[in-house]
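> This structure is in structure tokens; I'll ask about it shortly.
The values are calculated or read from the model by the stated rules, or taken from the named source; none is laboratory data. Note that this is a predicted model, so its numbers are computed, not measured. Cβ coordinates were reconstructed from backbone atoms using ideal geometry, including for glycine residues, and neighbour counts include every protein chain displayed. Remember, those area values only see protein heavy atoms, side chains included, never the ligands or the DNA or RNA. Shrake-Rupley method; radii C 1.70, N 1.55, O 1.52, S 1.80 Å.
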Amino acid sequence: MSSQSSSATVRWRRVLGFLVLAALFTEGGARLAIYAWSGQSYRSLSPYVWSPYGLVRNNPKLTSPEFVINKNGFRDVRDYTQSKPPRTLRVILLGGSTLYSGLQASVFDVIPTTRRVDSRSTIAQFLRDRLAADPAFAGVQIEVINAAVNFNTIVEVSTAYLAEYAHWDADFIIVAGSSNNFSRAMPEGSVRRRDWTIMAPHAWRGEFERIVNGNDLLSTVDNGLRALGDHSAAVAGSAKLLSRAIDAAVGRSAALAGRLGLLPASTKGITLANWGEYDQYVDEYLGYASAMVALAHYRHQEIAFFWEHLLAHVGSIKPLTQDEQTLFNANFGPWSAQDAAFTYHARDRVADFCARNGVPFLDPIERLKRHSGQVFIDYLHYTAEGNRFMSEFIYDQLREAFRLRAEQLRARAE
């Protein structure tokens with residue numbers, strides 16, 4: 001081998017060594033940065049994992065300072081066993097981001113200093129503590145499980161219950177997520193086209209097909225990046241930063257469009273469905289709800305439905321804090337009076353369904369009318385105090401039913 005060839009080999013080895021050291025240094029720096037941010041060692045930045053029921057579940061390995069996910073995939077710092085311990089009153093909450101207490105990054109979130117709600121401050125933890133402090137439940141363990149997943153509609157909620165959570169031996173099931181099923185006026189022909197909310201494929205359906213069933217180049221690259229992200233904090237952190245940069249750019253563009261008056265009202269220029277067509281859509285929701293009620297009764301579980309109100313729909317009747325007034329002013333335009341009319345028509349039908357089936361319907365609207373504290377953190381979701389407020393409402397509405405079940409549990413244990 002010539003001296004020139006030997007020198008070139010040495011140079012390439014140095015380059016390779018430098019690249020390896022740079023990669024190790026970058027990875028180490030990323031892990032230190034994530035630890036400083038989250039207070040825990042890096043495991044994963046992916047918020048969800050695929051599930052055979054309902055598309056996704058919360059990722060137990062999620063590394064985040066706010067969104068602690070326990071080993072069961074629940075929004076909680078406590079772990080649970082599927083087999084309920086003796087003398088335990090167990091409540092499972094099913095729904096979407098309102099229960100999960102997500103904070104959406106969008107043009108409608110205009111209080112940038114508001115902190116996200118942590119996993120000790122959702123409705124579930126406040127309700128658990130309230131029941132545990134009540135002398136009527138002395139001698140009974142209290143478990144309130146937050147099994148909510150962001151973006152879930154009644155399709156995913158019912159599937160999760162029928163195939164999974166019905167077997168967790170709960171005493172009570174509380175179903176939320178109404179805002180993901182009913183919040184906007186429905187365009188004409190939606191039922192025939194099957195393109196409205198619960199009739200349309202879920203937002204994750206395309207991603208699921210690409211990741212699980214796809215075999216093209218995009219699927220291969222996507223799966224490769226996900227696999228790298230599960231093992232590399234640098235790759236996962238870079239992907240997260242890129243995603244946030246894109247979200248921020250989209251948010252700024254939407255905010256500018258709003259200021260320039262370029263965002264159309266949600267129903268402007270749209271021919272709306274008549275009430276008969278909309279009732280067909282509500283009937284489909286009630287079909288899923290009926291299946292949940294039937295299985296709950298068969299398994300001797302109590303079930304209740306909790307109604308979520310958008311700030312735009314209640315802002316004119318609830319005493320607003322200054323921050324809520326700011327949010328209301330930003331949200332009122334995109335959600336029109338027509339949206340509210342369709343939403344409350346659905347609410348009345350769900351309430352009637354619950355009454356006919358002997359199921360509690362939990363609507364906090366009257367309590368909201370008298371509450372001057374801050375409930376909303378954005379256009380829909382709750383502050384920590386808002387979660388406490390809602391937990392108190394649920395406690396008041398269901399306390400007697402909870403108490404009777406606690407008495408039965410004590411009697412069985414004797």
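> Between P319, P364, P360, which is in contact with a strand residue (DSSP E or B) (Cβ under 7 Å, 6 or more places away or on another chain) and not β-branched (V, I, T)?
Of P319, P364, P360, the one residue that is in contact with a strand residue (DSSP E or B) (Cβ under 7 Å, 6 or more places away or on another chain) and not β-branched (V, I, T) is P360.
> So, in the stretch 328-350, exactly how many residues are under 24 Å from E277 (Cβ atoms), touching a residue at least 40 places away in the same chain (Cβ under 8 Å) and assigned to a helix (DSSP H, G or I)?
Residues in the stretch 328-350 being under 24 Å from E277 (Cβ atoms), touching a residue at least 40 places away in the same chain (Cβ under 8 Å) and assigned to a helix (DSSP H, G or I): 10 in total.
> Let me ask something else. Could you list, in sequence order, all residues of the stretch 360-383 that are in a helix (DSSP H, G or I) and open to solvent by 40 Å² or more (accessible area, probe 1.4 Å)? Give the derivation first.
Taking the stretch 360-383 and keeping what is in a helix (DSSP H, G or I), we get 365-369.
Selection gives E366, R367, K369.
> Can you tell me how many residues in the stretch 350-390 are of a type in the set (D, E, K, R) and more than 24 Å from the chain's Cα centre (by Cα)? So that I can check it myself, show each step before the final result.
Of the residues in the stretch 350-390, the ones of a type in the set (D, E, K, R) are 352, 356, 363, 366-367, 369-370, 378, 385, 388.
When the remaining residues are screened for being more than 24 Å from the chain's Cα centre (by Cα), the result is 352, 356, 366, 369-370.
So the answer is 5.
> Restricting attention to the stretch 325-359, which residues are hydroxyl-bearing (S, T, Y), buried (at least 16 other Cβ atoms within 10 Å of the Cβ) and at pLDDT below 95?
S336
> Pick from E209, E143: which is under 22 Å from the mean Cα position of the chain (by Cα) and surrounded by fewer than 19 Cβ atoms within 10 Å (Cβ to Cβ)? Spell out how you get there, then give the answer.
Values: E143 fails: surrounded by fewer than 19 Cβ atoms within 10 Å (Cβ to Cβ).
Among E209, E143, only E209 is under 22 Å from the mean Cα position of the chain (by Cα) and surrounded by fewer than 19 Cβ atoms within 10 Å (Cβ to Cβ).
> Which count do you get for residues in the stretch 184-211 that are in a loop (DSSP other than H, G, I, E, B), within 21 Å of E308 (Cβ to Cβ) and either modelled with pLDDT of 90 or more or of a type in the set (S, T, N, Q) (or both)? Spell out how you get there, then give the answer.
Step one: list which residues in the stretch 184-211 are in a loop (DSSP other than H, G, I, E, B), which gives 184-186, 188-189, 194-196, 200-204.
Retained after the next criterion (residues that are within 21 Å of E308 (Cβ to Cβ)): 184-186, 196, 200, 202-204.
Still in the running and either modelled with pLDDT of 90 or more or of a type in the set (S, T, N, Q) (or both): 184-186, 196, 200.
Total meeting the criteria: 5.
> Return the residues of the stretch 164-183 that are buried (at least 21 other Cβ atoms within 10 Å of the Cβ), in a helix (DSSP H, G or I) and in contact with a helix residue (DSSP H, G or I) (Cβ under 6 Å, 6 or more places away or on another chain); say none if nothing qualifies.
N181
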